[in-house]
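Novice: Please see the structure below; I have some questions.
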Amino acid sequence: MASQNQLSSIKGAKVLMVGAGGIGCELLKTLALSGFQDIHIIDMDTIEVSNLNRQFLFRKSHVGQSKAKVARDAVLKFRPHISITPYHANVKDPDFNVDFFKQFNVVLNGLDNLDARRHVNRLCLAAEVPLVESGTTGFLGQVTVHVKGRTECYECQPKPAPKTYPVCTITSTPSKFVHCIVWAKDLLFTKLFGDKNQENDLNVRSTDATSSSEHVEDVFERRKDEDIEQYGRRIYDHVFGYNIEEALSNEETWKNRNRPKPIYSRDFLHDEIAQQNGNVDKDCAAGDPSSVSAMASLGMKNPQDIWCLKENSRIFMEAFKLFFMKREKEIGNLTFDKDDQLAVEFVTAAANIRATSFGIPLHSLFEAKGIAGNIVHAVATTNAIIAGLIVIEAIKVLQNDTNNYRMTYCLEHPTRKMLLMPVEPFEANKSCYVCSESPLTLEINTHRAKLRDFVEKIVKAKLGMYFPLIMYGAALLYEVGDDLDEAMVANYAANLEKVLSELPSPVTSGTTVTVEDLKQELTCNINIKHREEFDEEKEPDGMLLSGWTQASSVEKDDNKSNGNGGSTSNASQAVPVEAEDNVEMDVLSGKKRRLSEISGQDLLSVTDETKNHEKLEVVDDDDDLVMLDDDPGLNKRKRIQ
């Protein structure tokens, strides 16, 4: 039962929720039933069919509508007298600036990606508004409290990069089904249906191309007078047949590996397939293009069936054909989406055919979709538990009850008869460039690296600043904004193409560059250190940022091979496995930390089984799970007093 003080603080609070998905639906319901009177919700997403199994405020009739608006309407049906303000928008939009955040007493996150989390963290720091973070994955979950000057911020401990795999493994020597999925999704699907100008590591050389040819035909380009069936078979034969033949020509690669077998369409696809496909075109001629399905066309209904090679080949060709016949206008702009049925079918079939070639076990469409989307299937009960814990911490924040703030972890198996493990928050990391404004050091070849490299690879990719202003001393080197005149835009565009040492105010070893994001009200000083050479495999960006740590998540290729006919890539490159909207991998310092190390003296007597609870590093559904990490500075981290 809430005390009078608690009720008073709840009723007078103005709360901002960011995210109206799995946790967000539960959170909005819990806030409303707990007595909160003024709630604002930001969410840019629309409702998908796949949301309905856990985001209980939504119904099938709501598919395609704004999550924030539908969630508001649903809650107002049982709490009609409270105020809920929805924003169907991106939290990174300029309207949601520091002044906007200042109007709230507390911000509650139920987000699904690292970039948005970092952005909200910085706005909360600048606005001096407490933030309650959360995340779930399956049966696991967490809630953390971040208050400026009292606890560490969300970025005080490093977050890992999306999982990546060496391109040589993906294109030449896959050994796991996930390698085949990455190949099918990030290389083949993108090459056929995505941006044609994007770099791609698929071998595009045709069978009859010679090394002396000035013009090498790109086999992925459709030829004149070539029908879709012929085009699809030629692509099939190239990627599953010819490229494998080319790879086999490098004997050195296969000394200690099983040799793959080439697969050609003539062995599995016959004329009757084309005739059958022609008959089903009438059935899918009408309706929403996004609902087009190769499985439906071929009369295959169960997504949990594991298709044989012939069935995968038929799905591959049918999906290929349907993209060109029913969704031709989208080709060239498509990106893989786990909720795009036809895309999932194509990627599943392509991955399975490649897996067959390399002797890797096949997977069902249901399994492949989970891998392709990095999906750990959500548990609605976990979301409900985490939402309740968020509200508990929010009430403590509103009452300024700092001594009782807790980071709480929801466990899959009981520890000391507990499924919820509370941990006292830590003080801010004095080396954090976000909340402690500690300077960073960048090792870079100032005679080769361009300002564009610095902006894209460091400022945006690593520091998460999307509207940066870059200065050296009093000289303004680069700026982004709508209020710039044409001369300024042209000047900054010219600077981007100059190497650092040749800028109007040369950036050389020993100089300090200041980077600022005015929207986040974040400033960072970077000390520049010139370095001639970099390890292409360990430092593929050609620069090294220190004082800021991002956990490595590149899978080691223990059986590294030299390049072969199947790849046009360097072994040092890597293909990312994007964290899709329901998943994010997050470990505070990149290494696993056992549960017994999480809360120090509080957990000294945990069981051996729980000490090895390695799963606590993974994150999912709409949010992420962060576990504290075992690093040399761990013992130096202090809990708040």
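Only the coordinates and a few stated rules stand behind these numbers; no lab work does. Remember, predicted model here, so these are calculated numbers, not experimental data. Here Cβ is always computed from backbone atoms with ideal geometry, including for glycine, and neighbour counts include all displayed protein chains.
Novice: Work out from phi, with θ = phi - 60° and the Karplus expression 6.51 cos²θ - 1.76 cosθ + 1.60, the ³J(HN,Hα) of each residue of segment 30-37, listed in order in whole Hz, and give x for Gly and Pro.
Specialist: 5, 4, 5, 6, 8, x, 5, 9
Novice: Expressed in whole Å with the largest first, what are the equivalent ellipsoid semi-axes of segment 298-428 derived from the C-alpha gyration tensor as the square root of 5 times each eigenvalue?
Specialist: With the √(5λ) rule applied to segment 298-428, the semi-axes are 46, 19, 12 Å.
Novice: Further question on the same structure: For segment 388-436 and segment 99-150, what is the separation of their Cα centres, given in Å?
Specialist: Comparing the Cα centres of segment 388-436 and segment 99-150, I get a distance of 12 Å.
Novice: I need the calculated FRET efficiency for the pair ASP541 and LYS417, taking r as the beta carbon distance and R₀ as 41 Å, to the nearest 0.05. Could you put the intermediate results ahead of the total?
Specialist: Numbers: r = 48 Å, r/R0 = 1.17.
Given R0 = 41 Å and the Cβ-Cβ separation, E is 0.30.
Novice: Could you pull out the GluC sites (Glu not before Pro) across segment 479-508 that fall in loop regions by DSSP (anything but H, G, I, E, B) with no more than 11 other Cβ atoms inside 10 Å?
Specialist: For GluC sites (Glu not before Pro) across segment 479-508 that sit outside H, G, I, E and B with at most 11 neighbouring Cβ atoms in 10 Å, the list reads GLU497.
Novice: Next up: Dimensions of segment 440-546 along principal axes (Cα, Å, largest first)?
Specialist: Its Cα atoms span 41, 27, 23 Å along the three principal axes.
Novice: Let me confirm the definition first: pairs of Lys residues in segment 440-546, 8 or more apart or on different chains, C-alpha distance under 24 Å. How many are there?
Specialist: Lysine pairs meeting the criterion: 19.
Novice: Right, next: Within segment 224-273, list the GluC sites (Glu not before Pro) lying in a DSSP loop whose Cβ has at most 14 other Cβ atoms in a 10 Å radius.
Specialist: Loop-located and lightly packed - GLU226.
Novice: Still on this model: Run the Debye formula on the Cα coordinates of segment 65-125, all scatterers equal and no solvent, and tell me log10 I(q)/I(0) at q = 0.15, 0.19, 0.21, 0.26 1/Å.
Specialist: For the requested q values the scattering log ratios are -0.55, -0.84, -0.98, -1.21.
Novice: What ranking do 111-124, 296-309 get when scored by the average of other Cβ atoms within 10 Å per residue, highest first?
Specialist: 111-124, 296-309
Novice: Kindly write out, for segment 488-495 in residue order, the coupling ³J(HN,Hα) from the Karplus curve 6.51 cos²θ - 1.76 cosθ + 1.60 (θ = phi - 60°), rounded to whole Hz, with x marking Gly and Pro.
Specialist: 5, 4, 5, 5, 5, 5, 5, 4
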